[in-house]
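K.L.:
Have a look at this one before I ask anything.
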Amino acid sequence: MNSGKDAQLVTMSIKMENKENHTPQHVAIIMDGNGRWAQARGEDRSVGHAEGVRTVRKIVEEATRAGVKYLTLYTLSTENWNRPKEEIASLMGLIVQAIERETADLIKNHVRLTMIGDKSPIPPFALEKLEQCIADTSHCDGLTLILALSYSSRWEITAAARQLAAKAAAGEIDPDGIDGSMFSSCLTTAGIPDPDLLIRTGGDFRVSNFLLWQIAYSEIIVTSTYWPAYSPEEFRENLEEFKNRQRRFGLTTEQILGQ
């Protein structure tokens, strides 16, 4: 297929996508503001994390109702391991409690759990519960809930580069044949569509080492609402805002509109 025809097909695909005005297939969320929410109320940061877990359940339920297929939640970055040990221990405990409490409902609502990230630093007691829930929900065919846990995009990209370099050194692949598709297949998100929409709560305008490769063309919404206070209603508003965005993927408005 020649490049001119490729470009024509891409243009047609984007026109159709904008015309359908559909719910995003994949939403990624940077859940920020747990600690600040708690501190603003004179509470310990752990209280904010506990309330944040309750928000996760509400947003998962709303995403399911809205028809979102993939929901990726930035749960813990590799840099977060440098936070106070007490805070990390509390967060690990909350994750285990949430998994034990929610697994039955995830199965009932056909939600499949998976994770992306470096498993090696995760305490064995937490990793065991997480992997058990992943196995127990593996048959579910509704929303895929992806926990970015002990995750950083630079870690992921570096690991993918090492993998490709090893294959090239072993003569398994031709370095000149490495393209974006091959690189994507080496990422932890292989087989998962790139996020259509990235939401960040807490008001900060940065992506914090999250899905740097995958969000190349994601629409971005930043809300000043702290994660524990983020509601299903605001989530629905964000989905509606996405539907009103014109996604161009490098094309002009005239090309999208067929002018």
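The values are calculated or read from the model by the stated rules, or taken from the named source; none is laboratory data. Bear in mind that the values here come from a model prediction, so they are computed numbers and not experimental data. Neighbour counts run over all protein chains shown; Cβ positions are idealised from the backbone, glycine included. Remember, those area values only see protein heavy atoms, side chains included, never the ligands or the DNA or RNA. Shrake-Rupley method; radii C 1.70, N 1.55, O 1.52, S 1.80 Å.
K.L.:
Restrict the check to region 161-168 and report whether at least one residue is open to solvent by 40 Å² or more (accessible area, probe 1.4 Å) and either within 24 Å of Gly33 (Cβ to Cβ) or assigned to a loop (DSSP other than H, G, I, E, B) (or both).
P.N.:
No, that holds for no residue.
K.L.:
Of all residues in region 131-160, how many are in a helix (DSSP H, G or I) and surrounded by fewer than 20 Cβ atoms within 10 Å (Cβ to Cβ)?
P.N.:
Here the count works out to 11.
K.L.:
If a residue has to be open to solvent by 40 Å² or more (accessible area, probe 1.4 Å) and in contact (Cβ under 8 Å) with a residue 12 or more places away in the chain to count, how many in region 169-183 make the cut?
P.N.:
Within region 169-183, residues that are open to solvent by 40 Å² or more (accessible area, probe 1.4 Å) and in contact (Cβ under 8 Å) with a residue 12 or more places away in the chain number 2.
K.L.:
Can you find a residue that is in contact with a helix residue (DSSP H, G or I) (Cβ under 7 Å, 6 or more places away or on another chain), outside any strand (DSSP E or B), at positive phi and open to solvent by 60 Å² or more (accessible area, probe 1.4 Å) anywhere in region 21-34?
P.N.:
Yes; the residues of region 21-34 include at least one that is in contact with a helix residue (DSSP H, G or I) (Cβ under 7 Å, 6 or more places away or on another chain), outside any strand (DSSP E or B), at positive phi and open to solvent by 60 Å² or more (accessible area, probe 1.4 Å).
K.L.:
Next question. Among the residues of region 101-130, which ones are among the hydroxyl-bearing types (Ser, Thr, Tyr) and in a loop (DSSP other than H, G, I, E, B)?
P.N.:
If the condition is that a residue be among the hydroxyl-bearing types (Ser, Thr, Tyr) and in a loop (DSSP other than H, G, I, E, B), then Ser120 is the only one that fits.
K.L.:
Would you point out which residue out of Phe205, Phe235 is assigned to a loop (DSSP other than H, G, I, E, B) and of a type outside the set (Gly, Ala, Ser)?
P.N.:
Phe205
K.L.:
Go through the residues of region 142-158 one by one and say whether even a single one is touching a His at 6+ places or on another chain (Cβ under 6 Å) and closer than 26 Å to Ala63 by Cα.
P.N.:
Among the residues of region 142-158, at least one is touching a His at 6+ places or on another chain (Cβ under 6 Å) and closer than 26 Å to Ala63 by Cα, which makes the answer yes.
K.L.:
Here is a further query. Can you name the residue in region 54-80 that is of a type outside the set (S, T, N, Q) and at pLDDT below 95 and is also farthest from Leu145 (Cα to Cα) among such residues?
P.N.:
Glu79
K.L.:
Return the pair list, or none, for Cβ contacts closer than 6 Å from residues in region 54-70 that are open to solvent by less than 30 Å² (accessible area, probe 1.4 Å) to residues that are assigned to a helix (DSSP H, G or I), at least 6 apart or on different chains.
P.N.:
As it stands, the answer is Thr55/Trp227; Thr55/Pro228; Ile59/Phe235; Glu62/Pro232; Glu62/Phe235, since those pairs meet every condition given.
K.L.:
Return yes or no: is Glu241 open to solvent by less than 50 Å² (accessible area, probe 1.4 Å), without any contact (Cβ under 8 Å) to a residue 60 or more places away in the chain and outside any loop (DSSP other than H, G, I, E, B)?
P.N.:
No.
K.L.:
Right, next: If you scan region 60-90, which residues turn out to be of a type in the set (A, V, I, L, M, F, W, C) and either closer than 19 Å to Tyr230 by Cα or not in a helix (DSSP H, G or I) (or both)?
P.N.:
Val60, Ala63, Ala66, Val68, Leu71, Leu73, Leu76
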